[in-house]
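Taking it in order: structure first as structure tokens, then the write-up.
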Ligand code: SF4
């Protein structure tokens, strides 16, 4: 649809005068894909960190943070995944939450991979165990990003809201995960 057609369409549907006036003559609308390139599947609103920059968990208002909760129903998640079968949509489990803390996490990932979908996961790595790493390699999870933002306690405190560096130990599992994946390739 070019700019003139868009104006006509807005006139037809009774779009506000100001809206049509705001569209410059040289405007070329961007194509809108039928599906997004990436779908964020918020499996559960939960996180084990309190990063100050986080728009959900960074608040100092403990009461409002405590009110953030919820888990996506399994049937709802499966219905959404079914709609993505046969597409090149990338599924990203949980945004502004820690995906590894979602209940029954292995089944959730199997649901994604059984449908032939590309899955990319961001995690802070704290809950990543050897067993989970082996599982992710086994199901051929497409990519895992482990966020490690500090190597000193003070920086870690500022960036992630905790100062216990030893808690990042499980992130070493990520390198094991990489070795396993390379071994299987
Ligand atoms: S790890 Fe991610 S979701 Fe959790 S508090 Fe930090 S930025 Fe927010």
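All of 109, 135 fail the test of being buried (at least 19 other Cβ atoms within 10 Å of the Cβ) and out of contact with any strand residue (DSSP E or B) (no Cβ under 6 Å at 6 or more places or on another chain), apart from 109. Test residue 147 against the stated conditions and say whether it is within 16 Å of the ligand (Cβ to nearest atom) and either under 21 Å from residue 50 (Cβ atoms) or in the same structural domain as residue 46 (by TED's automatic domain parsing) (or both). Yes. Residues in region 72-85 that are more than 16 Å from the ligand (Cβ to nearest atom) and either touching a strand residue (DSSP E or B) at 6+ places or on another chain (Cβ under 8 Å) or in a helix (DSSP H, G or I) (or both): 74, 75, 76, 77, 78, 79, 80, 81, 82, 83, 84. When we screen 46, 144, 151 for residues that are in contact with a helix residue (DSSP H, G or I) (Cβ under 9 Å, 6 or more places away or on another chain) and at pLDDT below 90, the only hit is 151.
Select from region 86-127 the residues that are within 16 Å of the ligand (Cβ to nearest atom) and assigned to a loop (DSSP other than H, G, I, E, B) and list them in ascending order. Within region 86-127, 94, 95, 96, 97, 98, 102, 124, 125, 126, 127 meet the criteria. Given the conditions (1) in a helix (DSSP H, G or I); (2) surrounded by 17 or more Cβ atoms within 10 Å (Cβ to Cβ), report the number of the one that residue 51 does not fulfil. Going through the list (1) in a helix (DSSP H, G or I); (2) surrounded by 17 or more Cβ atoms within 10 Å (Cβ to Cβ), residue 51 breaks only (1). Report yes if some residue within region 21-39 is touching a strand residue (DSSP E or B) at 6+ places or on another chain (Cβ under 9 Å), surrounded by 15 or more Cβ atoms within 10 Å (Cβ to Cβ) and modelled with pLDDT of 90 or more; otherwise report no. Yes, the conditions are met somewhere in region 21-39.
Looking at region 44-55, I want the residues that are more than 7 Å from the ligand (Cβ to nearest atom) and have a partner that is in a strand (DSSP E or B) with Cβ atoms under 7 Å, at least 6 apart or on another chain. Which pairs are those? Here the result reads 44/71, each pair linking region 44-55 to a residue that is in a strand (DSSP E or B).
The values are calculated or read from the model by the stated rules, or taken from the named source; none is laboratory data. If you're wondering where the values come from, they're calculated on a predicted model, not measured in any experiment. Note that we place each Cβ from the backbone using ideal geometry, even for glycine, and neighbour counts take in every protein chain shown.
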